[in-house]
Amino acid sequence: MTPPDNTHVSSLVKQANLLIASGSYQDALKISDHALRIAPTNLNALYAKSFALIKLGMYQQAVAICDDTLRVHPRSLNALINKGYALIGLGKHEDAVTVADEALQYNLNDLRALNNKAFALFLLRKYEDAAATADKVLLVDHKNMEALLTKMSALGVDTLTNHDTLLLKRRRYREVARTSDEIANSDPDNVAALYGKAVALGGLGRHQEAIEWFDKVLQTDPRHVAALYSKGFELNALGEYQEAISALDAALEIDPGNSYAIGQKLYALDALGRPEEALRVADEALKANLGDLMVLNGKVIVLHRLGRDREAVMVMDEILRLDPHNALALRLRELLS
């Protein structure tokens, strides 16, 4: 049996890596396959193939190649890292954490494994764990963009959704703002960093500054729906209800069923003394999504404002049927009782 021509295989792998670097992933896949026909267990060729598959969104095939690699090379960090990427792409976030932990057994400070783990934890909504894991990356590389983005996102979402004291929320928002600034130092036009800074400023009650930063997001990406409806929220907070409606309508033109934008529009219309119009907006939205809790909550408030408390109670009962622990509905029930 003729041994594989290692020089030729190395040349093919080098060519595949150059194609990956240039974004020619389909061609890289062909070249790596060529190399593997010559040397089926070549570690570098297997890595190049799995990486190209991930970039092409072929995650299941990438996992299979990584598993093939690990059968021959059980301690291959590259195979474990790529398997983690692919599992995240498949939505198998628990498995991605497990694979990252396996990689970290071989190298406790592998930044790729730590970033994979942090991002998978974020997707599992384990925000504090995600931020803590991202911090391990930042201890080694304080400018690591992937870790900064994960940390900023995790802190931002956790602060929005948890029930911490106002003091702790403000502390977290300040950390989100600092992390956003770290990202912007290296990448001034990074949309995620701009958006994170805007959200943090809004959370700190600095509404006008938040609007200015949402505008920076929209200069880079005019169709950024979250920036549009978040800008509407900040304008509502300042009592600029008509301007808020303009921002919210822009969001709804892109994403007509967006609950956040609809909810904020109901608030603005009601504040402008246009509750009948707000009720029409709510009813139109509920035709498309009967169980939209944010719109249903808004409808309760509008019906109460119109003095139609019996109807408001019926809607509120529907909310609590769908979500028995809905905090806003429970507060509204106290108001109407």
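Every number here is computed from the coordinates shown, using simple stated rules; none is lab data. Everything numeric here is computed off the predicted structure, so don't read it as measured data. Reconstructed Cβ throughout: ideal geometry from the backbone, glycine too, with neighbour counts over all protein chains shown.
Using the Cβ-Cβ distance between Arg274 and His325 with R0 set to 35 Å, the FRET efficiency from 1/(1 + (r/R0)^6) comes to roughly 0.65. Can you tell me which of Leu149, Leu266, Leu18 moves the most in a GNM of the chain? Springs connect C-alpha atoms under 10 Å apart. Its mean-square fluctuation being the largest, the pick is Leu18.
Rounded to the nearest 0.05, what FRET efficiency do Lys30 and Arg171 have when you use their Cβ-Cβ distance and R0 = 51 Å?
Working: r = 52 Å, r/R0 = 1.03.
E between Lys30 and Arg171, to the nearest 0.05, is 0.45.
When each of Asp309, Asp68 is scored by the number of other beta-carbon atoms lying within 10 Å, the sequence from fewest to most is Asp309, Asp68.
Among the lysines of the range 189-337, pairs at least eight places apart or on separate chains and with Cα atoms under 12 Å apart come to 4.
Here Asp255 and Arg178 are evaluated by their C-beta separation; at R0 = 35 Å the FRET efficiency comes out at 0.70. Note: relative contact order over the chain, using C-alpha pairs below 8 Å and six or more positions apart, is 6 percent.
Charged side chains reduced to their Cβ positions (Lys and Arg at +1, Asp and Glu at -1) give the chain a dipole of some 580 debye around its Cα centre. Which stretch or stretches of the range 74-93 have amide N atoms under 19 Å from the point lying 7 Å from Leu56's Cα along the Cα→Cβ direction? The answer is 79, 82-90.
Here the simple spin-label model places points 7 Å from the Cα toward Cβ, and for Glu334 and Asn289 these points are separated by 2.8 nm. Pick from Leu43, Leu194, Leu306: which residue has the top mean-square fluctuation in a GNM of the chain where Cα pairs under 10 Å get a spring? Fluctuation is largest for Leu306.
Computed from phi, the 3J(HN,Hα) profile of the range 287-304 under the Karplus parametrisation 6.51, -1.76, 1.60 (θ = phi - 60°) reads 4, 7, 8, 4, x, 6, 5, 5, 5, 4, 4, x, 5, 4, 4, 5, 4, 4 Hz, with x in place of Gly and Pro.
Between the listed residues Leu19, Pro256, Ala48, the Cα displaced farthest toward the positive end of the dipole of the chain, a dipole computed from Cβ unit charges relative to the Cα centre, is found at Ala48. The slack between Thr220 and Arg75, meaning 0.36 nm per residue of separation minus the straight C-alpha distance, is 47.9 nm. Once both labels are positioned 7 Å from their Cα atoms along Cα-to-Cβ, the gap between Asn185 and Asp135 label points is 1.8 nm.
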